[in-house]
Amino acid sequence: MSKTSNQSRASMIRTMFAASDSRDIDGLLSSLTDDVVLTFGNAESVHGKAAVAALACQVTSKLKGVRHEIHDIWQAAENAHVVIARMTVHYSRDDGVVVSLPCCNIFRMSGDLIADYRVYMDVSPVFA
């Protein structure tokens, strides 16, 4: 994969997180394949854009806001279709408390869209 393609994917992932942070569900979904699989921590995977939209709405309805602070985005050395993002996610709760958690996401790409989206973090402190 060319460096330009790597930069393009990193830019798309940054744009996707910006859409997510601004609660732009359509912007988030535009980065995903129709049959995307999303796995968040140890929760059951959800399948398809409609399920991802429902999950995003469910989570954000319980929060004042979410902000992804991206530290790194890499392409996996062994597989050009795997992109990894390391970040801190800042959750603003309705009670005014901000909970910041480390997170690593792994994306398996299909072309320039995310086909498999895995979130590795323990979100339980946000809702404790």
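The values are calculated or read from the model by the stated rules, or taken from the named source; none is laboratory data. Bear in mind that the values here come from a model prediction, so they are computed numbers and not experimental data. Note that each Cβ is placed from the backbone with ideal geometry, even for glycine, and that neighbours are counted across all protein chains shown. For accessibility, only protein heavy atoms count, side chains too; no ligands or nucleic acids. Shrake-Rupley method; radii C 1.70, N 1.55, O 1.52, S 1.80 Å.
Taking a probe of 1.4 Å, how large is the accessible area per residue of the stretch 42-128, in Å²?
Here the per-residue accessible area is 56 Å².
Nearest-5 percent of antiparallel DSSP beta bridges in the chain?
Once the DSSP bridges in the chain are tallied, antiparallel ones form about 85 percent.
Could you point to the residue in 18, 82, 113 farthest towards the positive end of the chain's charge dipole, with +1 and -1 charges on the Cβ of Lys/Arg and Asp/Glu respectively?
The listed residue farthest towards the positive side: 18.
May I ask you to order 27-34, 53-60 by the average number of other C-beta atoms within 10 Å around their residues, highest value first?
27-34, 53-60
Taking only DSSP H segments of four or more residues, each worth -39500 (n - 2.57), what value at 222 nm results for the chain once the sum is divided by all its residues, to the nearest 500 deg cm²/dmol?
About -8500 deg cm²/dmol.
Once the Cβ-Cβ distance between residue 15 and residue 104 is put in as r, and R0 is 22 Å, what FRET efficiency do you end up with, to the nearest 0.05?
Efficiency at R0 = 22 Å is approximately 0.70.
Can you give the angle from 0 to 90° between the axis of helix 49-60 and the longest principal axis of the chain, with both taken from C-alpha atoms, to the nearest 10?
40
Taking Cα pairs under 8 Å and at least six residues apart, what relative contact order does the chain come out at, in percent?
With pairs under 8 Å counted, the relative contact order is 23 percent.
Report in % the part of the accessible area of the stretch 12-122 that belongs to carbon and sulfur, leaving out ligands and nucleic acids; probe 1.4 Å.
Accessible surface attributable to carbon and sulfur in the stretch 12-122 totals 52 percent.
To the nearest 20 debye, what is the magnitude of the charge dipole of the chain about its Cα centre, counting +1 on the Cβ of each Lys and Arg and -1 on the Cβ of each Asp and Glu?
Computed about the Cα centre, the dipole is about 220 debye.
Relative to a virtual label point 7 Å from the Cα of residue 23 in the Cα→beta-carbon direction, which members of the stretch 91-128 show backbone nitrogen distances below 12 Å?
94
Give me the one-decimal nm value for the distance between modelled label points at residue 86 and residue 124, 7 Å along each residue's Cα-to-Cβ direction.
2.5
Summing Lys, Arg as +1 and Asp, Glu as -1, what charge do residues with Cβ under 12 Å from the Cβ of residue 65 carry, residue 65 excluded?
For residues surrounding residue 65, the net value is +3.
Pairing the Cα long axis of helix 3-21 with the longest principal axis of the chain, what angle in degrees results, from 0 to 90 and rounded to the nearest 10?
Around 20 degrees separate the two axes.
If you split all Cα-Cα distances of the stretch 36-128 into 5 Å bins from zero, what percentages do you get per bin, shortest first?
3, 13, 20, 24, 22, 11, 5, 2, 0
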